[in-house]
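Derivation of every value follows stated rules applied to the coordinates shown; laboratory data play no part. From a predicted model like this one, the values you see are computed outputs, not experimental measurements. Note: ideal-geometry Cβ built from the backbone for every residue, glycine included; neighbour counts use all protein chains shown.
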Amino acid sequence: MRLSPAQLLTVIVKAGPGDEPLLRAHAGLIQALARARVTIDPAAARPAASALGVVGASELYVELAGLVDLAAERQRLEKEIKRTADAIAFTRGKLSRPDFTERAPAEIVDKEREKLAEQEALHAKLVASLSWVG
């Protein structure tokens, strides 16, 4: 998702327990630094077509409608999800072959396991992002 740094965002903060007074006290500073219109509401519901951020016990919803071509973003995410799924399948296949795990140096096998973990983490993030886009 690519947004211009000059773009003014709309952010809704669902303040967690105890966070609301601090957030309200510094709302002006937060808005200036984030270049965003910030609404603090402990009872807020997540808007459709929004990105989610979690800070401590608070949730931040960045509204994306009108800022991002959601269809294009969905298509980009689906393409990345397929690419990472293919990479995961390839790496799992390699690690499931005894001729690789038994013959390759341990550091190479460990690197492949690390690569698999990174690919799986990226895949999970992409799937979560796709669900946010809708």
From the coordinates shown, Cα Rg over 2.2 N^0.38 Å corresponds to which of [x] 1.44; [y] 1.10; [z] 1.24: [x]
What are the extents of the Cα atoms of the range 1-73 along their three principal axes, in Å, largest first? 39, 23, 16
Which residue fluctuates most in the GNM of the chain (Cα springs below 10 Å): Ile108, Ile40, Ile81? Ile108
From a point 7 Å beyond the Cα of His26 in the direction of its Cβ, which residues of the range 61-99 have a backbone N at a distance under 19 Å? 61-62
Straight-line reach only, C-alpha to C-alpha below 29 angstrom: list the lysines that Lys14 could link to, leaving out same-chain residues fewer than 8 apart. Lys125
At 4 °C in a medium of viscosity 1.567 mPa s, the range 70-133 has a Stokes-Einstein diffusion coefficient, with Rh taken as the Kirkwood radius over alpha carbon pairs, in µm² per second, of 101
Suppose a student asked you for the relative contact order of the range 1-90, using Cα pairs under 8 Å spaced at least 6 residues apart; what percent would you report? 33
Using alpha carbons only, how many angstrom separate the centre of the range 1-38 from the centre of the range 45-105? 25
Partner aspartates and glutamates whose C-alpha sits under 20 Å from that of Lys111, ignoring same-chain residues fewer than 8 away, are Asp86, Asp99, Glu102, Glu120
